[in-house]
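The structure under discussion appears below in the form of structure tokens.
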Amino acid sequence: MVTPIEKTYIDTHPKSAEYYATSKELFPNGVTHDARNLKPFPYFVSHAQGSRKWDVDGNEIIDYKGGHGALILGHNHPAIVNAVTDQITKGTHFAASTELEINWANLVKELIPCSEKVRFHSSGTEATMMAIRMARAYTGKSKLVKFADHFHGWHDYVRSHEPAYGGIPIETANTVISIPPNDISIVEKTLSNNQDIAAVILEPTGAHMGDTPVRPSFLGELRELTSRKGVVLIFDEVVTGFRTSPGGAQALYGVTPDLCTMAKILGGGLPGGGVTGKADIIDMIQLRDDSDFNKHQRIGHNGTFNANPLSAAAGVETLQLIKNDTINIKANKAAERLKSGLNDMLSNMEIVGTATGVASAIFLRLGIDVDPDDDEIVFTEEQEHTLGNSVIKDQLTLAMYNHGVDAGPRFIVSSIHTDSDINETIESTSKALSDLRNQGLV
Ligand code: PMP
């Protein structure tokens with residue numbers, strides 16, 4: 001049965017429907033990323049500028065997907081356009097070292113507290129894969145502790161305990177221990193019961209960009225425990241790096257991990273990834289004057305597009321702006337306005353729900369009433385169950401899109417979202433919630 005929200009979407013997206021008829025024959029579900037799956041069919045986008053994007057049916061959309069979190073400067077920021085255009089005329093690949101990569105790494109070092117050395121590659125998945133291997137090589141231990149539902153990309157280790165683990169050998173899954181977050185006694189017991197643990201990895205603001213929050217005090221507890229046990233602590237800052245603050249979640253909360261994974265904003269909107277942290281651990285890649293080490297312990301690392309000049313040019317420009325301008329402050333202010341506007345709207349409409357979030361990642365949580373300013377918030381099982389209602393989430397996402405906002409329950413806010421963008425977004429969300437109310441969903 002097609003809902004009224006779906007009917008509006010179908011009626012206003014004939015061209016996307018046409019593209020989907022072809023794309024579903026080419027790609028699984030017609031898309032090239034799991035997060036782009038959408039019922040009744042995905043929308044296709046032709047171009048974007050600043051805070052906006054336009055789909056192939058001519059609908060103008062306020063964008064809060066922000067390139068899956070990569071675009072803190074919005075679409076086509078002039079500084080990035082100039083840097084990339086300039087670089088493309090000089091060359092896109094020299095298969096050699098560049099001054100750009102030095103500048104890029106120096107900016108990482110200046111911004112990220114744990115950074116002593118850096119290694120670049122092309123994605124967040126590569127970053128977590130590398131950090132885990134570094135921890136294993138450095139400690140000589142084999143197991144990884146991760147937290148349930150925390151997302152670290154799609155390679156075998158980090159995916160082995162999450163839904164959709166097809167194709168991952170059980171032997172690989174058995175090297176990973178997945179436990180609930182926020183309870184240090186469970187971590188302590190896990191580390192005490194197993195002497196073969198190389199590392200603990202987590203998303204420092206919580207699973208899925210902060211969707212299920214981690215208590216900031218849990219980070220400090222983890223730091224103390226892993227230091228005491230000689231286990232490598234990895235903050236996966238692929239999303240939070242250069243966003244939660246210029247120095248990521250570790251700078252915001254004053255907790256310094258051993259290793260930090262980076263991607264998204266690091267590449268300034270182009271593909272880029274990296275691991276930074278303690279030099280001793282990063283140097284597991286470094287060739288030594290020791291053939292035994294080089295053969296048996298060293299980590300080999302190639303990669304055609306490591307530190308490629310186009311991503312480096314965009315990355316340098318972005319990190320420079322983050323360092324010298326007020327990019328994070330602007331994004332956070334817009335996010336704060338959005339958060340309080342959404343909460344006012346919910347109470348005016350008498351809908352149970354709360355907008356919460358850290359820095360520039362805001363979540364509209366329907367069905368639960370919590371303190372939006374409680375930093376140490378942890379959801380109960382019942383609240384998580386309510387929040388997991390996929391019918392409400394899917395209809396909300398579609399209804400908001402019908403009203404010109406691409407967010408769903410998660411808003412990734414950029415430095416270029418203006419006051420009028422935020423006002424329009426709150427109004428559109430209110431209209432979307434009225435549509436949900438008409439369908440008896442809220
Ligand atoms: N870690 C986190 C916390 C992420 O959110 C993501 C991507 N959303 C990744 C790793 C994987 O990054 P990529 O998609 O660049 O492989």
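The values are calculated or read from the model by the stated rules, or taken from the named source; none is laboratory data. From a predicted model like this one, the values you see are computed outputs, not experimental measurements. Using ideal geometry, Cβ is built from the backbone for each residue, glycine included, and neighbour counts are taken over all protein chains shown.
Annotation note: of L219, L266, the sole residue that is within 29 Å of E188 (Cβ to Cβ) and part of a helix (DSSP H, G or I) is L219.
Annotation: of all residues in region 378-409 being among the small types (G, A, S) and part of a helix (DSSP H, G or I), the one that is modelled with the highest pLDDT is A399. Answer yes or no: is there a residue in region 315-323 that is within 16 Å of the ligand (Cβ to nearest atom) and more than 30 Å from A432 (Cα to Cα). Scanning region 315-323, I find at least one residue that is within 16 Å of the ligand (Cβ to nearest atom) and more than 30 Å from A432 (Cα to Cα), so the answer is yes. Hey, any hits in region 254-277 for a residue that's acidic (D, E), within 11 Å of the ligand (Cβ to nearest atom) and crowded, with 23+ Cβ neighbours inside 10 Å? No: zero hits. Condition check for T226 on (1) buried (at least 19 other Cβ atoms within 10 Å of the Cβ); (2) touching a residue at least 40 places away in the same chain (Cβ under 8 Å); (3) hydroxyl-bearing (S, T, Y): one failure, at (2). The number of residues in region 286-320 that are assigned to a loop (DSSP other than H, G, I, E, B) and basic (K, R) comes to 2. Among the residues of region 363-377, is any part of a strand (DSSP E or B) and within 30 Å of H77 (Cβ to Cβ)? Yes: one or more hits. Taking the conditions (1) out of contact with any Gly (no Cβ under 6 Å at 6 or more places or on another chain); (2) touching a residue at least 40 places away in the same chain (Cβ under 8 Å); (3) not polar (S, T, N, Q) in turn, A173 satisfies each one other than (2).
Restricting attention to region 23-72, the residues being touching a residue at least 60 places away in the same chain (Cβ under 8 Å) and under 22 Å from V2 (Cα atoms) number 4.
A count restricted to region 112-151 and to residues that are more than 17 Å from A198 (Cα to Cα) and within 14 Å of the ligand (Cβ to nearest atom) stands at 10. Evaluated against (1) touching a Lys or Arg at 6+ places or on another chain (Cβ under 8 Å); (2) closer than 16 Å to Q320 by Cβ, V81 falls short on exactly one condition, (1). Screening region 78-111 for residues that are of a type in the set (A, V, I, L, M) and within 23 Å of T244 (Cβ to Cβ) and picking the one that is farthest from the ligand (Cβ to nearest atom) gives A79. Against the test of being touching a Pro at 6+ places or on another chain (Cβ under 6 Å) and among the aliphatic types (A, V, I, L, M), the options I362, I422, I377, I412 yield a single qualifying residue, I377. Among the residues of this structure, K323 counts as one that is basic (K, R), part of a helix (DSSP H, G or I) and closer than 30 Å to E221 by Cα.
Hey, can you tell me all the residues within region 228-244 that are assigned to a loop (DSSP other than H, G, I, E, B) and within 16 Å of the ligand (Cβ to nearest atom)? Once the filter is applied, which keeps residues that are assigned to a loop (DSSP other than H, G, I, E, B) and within 16 Å of the ligand (Cβ to nearest atom), region 228-244 yields E237, V238, V239, T240, G241, F242, R243, T244. The conditions are (1) aliphatic (A, V, I, L, M); (2) assigned to a strand (DSSP E or B); (3) farther than 20 Å from A249 by Cβ; (4) in contact (Cβ under 8 Å) with a residue 40 or more places away in the chain, and L191 fails exactly one of them. Which is it? L191 satisfies every listed condition except (2). Taking residues in region 127-144 that are more than 18 Å from K229 (Cα to Cα) and free of Cβ contacts under 8 Å to residues at least 60 places away in the same chain, and partners anywhere that are within 16 Å of the ligand (Cβ to nearest atom) and assigned to a loop (DSSP other than H, G, I, E, B), the pairs with Cβ atoms closer than 9 Å and at least 6 places apart or on different chains are M129/H152; M129/G153; M129/H155.
Applying a threshold of 9 Å to beta carbon distances and a minimum spacing of six or more residues, or different chains, the list of pairs starting in region 274-287 at a residue that is basic (K, R) and ending at one that is in a helix (DSSP H, G or I) and crowded, with 19+ Cβ neighbours inside 10 Å reads K278/Y138.
Only a single criterion out of (1) of a type in the set (A, V, I, L, M, F, W, C); (2) touching a Lys or Arg at 6+ places or on another chain (Cβ under 8 Å); (3) closer than 30 Å to N324 by Cβ is not satisfied by I88, namely (2). Among the residues of region 1-59, those identified as of a type in the set (V, I, T), over 22 Å from D435 (Cβ atoms) and out of contact with any helix residue (DSSP H, G or I) (no Cβ under 6 Å at 6 or more places or on another chain) are T22, V31, T32, V45. Annotation: of all residues in region 152-180 being assigned to a helix (DSSP H, G or I) and more than 23 Å from I282 (Cβ to Cβ), the one that is nearest to the ligand (Cβ to nearest atom) is R159.
Taking the criterion of being surrounded by fewer than 19 Cβ atoms within 10 Å (Cβ to Cβ) and either closer than 19 Å to E126 by Cα or of a type in the set (D, E) (or both), the residues of region 144-160 that qualify are D149, W154, H155, D156.
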